[in-house]
1. Among Phe101, Ser50, Leu38, which residue has its Cα furthest toward the positive end of the charge dipole of the stretch 24-113, with +1 on Lys/Arg Cβ and -1 on Asp/Glu Cβ?
2. Where the eigenvalues come from the Cα gyration tensor of the stretch 24-113, what are the semi-axes √(5λ) of the equivalent ellipsoid, largest first, in whole Å?
3. Using a Cα-Cα cut-off of under 17 Å, which aspartates and glutamates could be cross-linked to Lys85, ignoring same-chain neighbours fewer than 8 residues away?
4. Filter Lys97/Lys129; Lys53/Lys97; Lys3/Lys119 down to the pairs with a C-alpha to C-alpha distance above 30 Å, please.
5. Would you calculate the separation in nanometres between label points at Asp123 and Ser5, each defined as 7 Å from the Cα along the Cα-to-beta-carbon direction?
6. By the gyration tensor of its Cα atoms, with a ≥ b ≥ c the square roots of the eigenvalues, what is the shape of the stretch 87-128: rounded for a/c under 1.5, prolate for a/b over b/c, or oblate?
7. Extension gain Met139-Ser76, at 0.36 nm per residue separation less the Cα-Cα distance, in nm?
Amino acid sequence: MTKLSNSELFTQMFITASQVVIKNHSFEKFDLTRLQALTLANICRMPGISMGKLANLIGVSRSQITGIVETLVQISLVRREKSPKNRLFYNIYSTEKGDQFFEKQCRVLDDYFEERLQKLNEDELEQLKADLEDSFCLMDKSNMLPQGFINPFTYQFPSKNQQIE
């Protein structure tokens, strides 16, 4: 068996992680594309995010994010508001329907992972969490993470009533 190079190993890790989260969980059952679901999740987690920050975070162009957000607006999952700092820009917020939709998605994903993580004992779960945290920190240090990436181990998500800066 050929040993993988560091870059091949990381590439395989990201492909596998994507398959675990995206391919094994059908967002179509929610009538959203994967990109729409990812966009909604980020809007729900970061109320008042700007279109530019949202595009950078997801890794799409500004024109792409405009189309995605427009679709989410049309189906009443999010709403746009002019930025209080610059009336030329918009901040995006989830609606009550969007929040409920996101919570439903989270429950489905939680159930999916909970079922699989039950196969691990307490020590293995703690090791997995520590390894994931170390991986995030090392990838951040090596500038492997996309601009605007949120490290779930260090980021304090705003409350629903709190707008991000």
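1. Ser50
2. On the way: eigenvalues 106, 35, 25 Å².
Sorted largest first and rounded, they come to 23, 13, 11 Å.
3. In chain and number order, the partners are Glu165.
4. Flagged as over cut-off: Lys97/Lys129.
5. Label at Asp123, label at Ser5, 3.7 nm between them.
6. Values: a/c = 6.44, a/b = 2.44, b/c = 2.64.
Verdict is oblate for the stretch 87-128.
7. Working: separation 63, 0.36 × 63 = 22.68 nm, distance 3.61 nm.
Residue separation times 0.36 nm, minus the Cα-Cα distance, leaves 19.1 nm.
Every read-out reported here was derived from the displayed coordinates using simple, explicitly stated rules and does not represent laboratory data. Computed from a predicted structure; not experimentally measured. All Cβ positions, glycine included, derive from the backbone under ideal geometry; neighbour counts span all protein chains shown.
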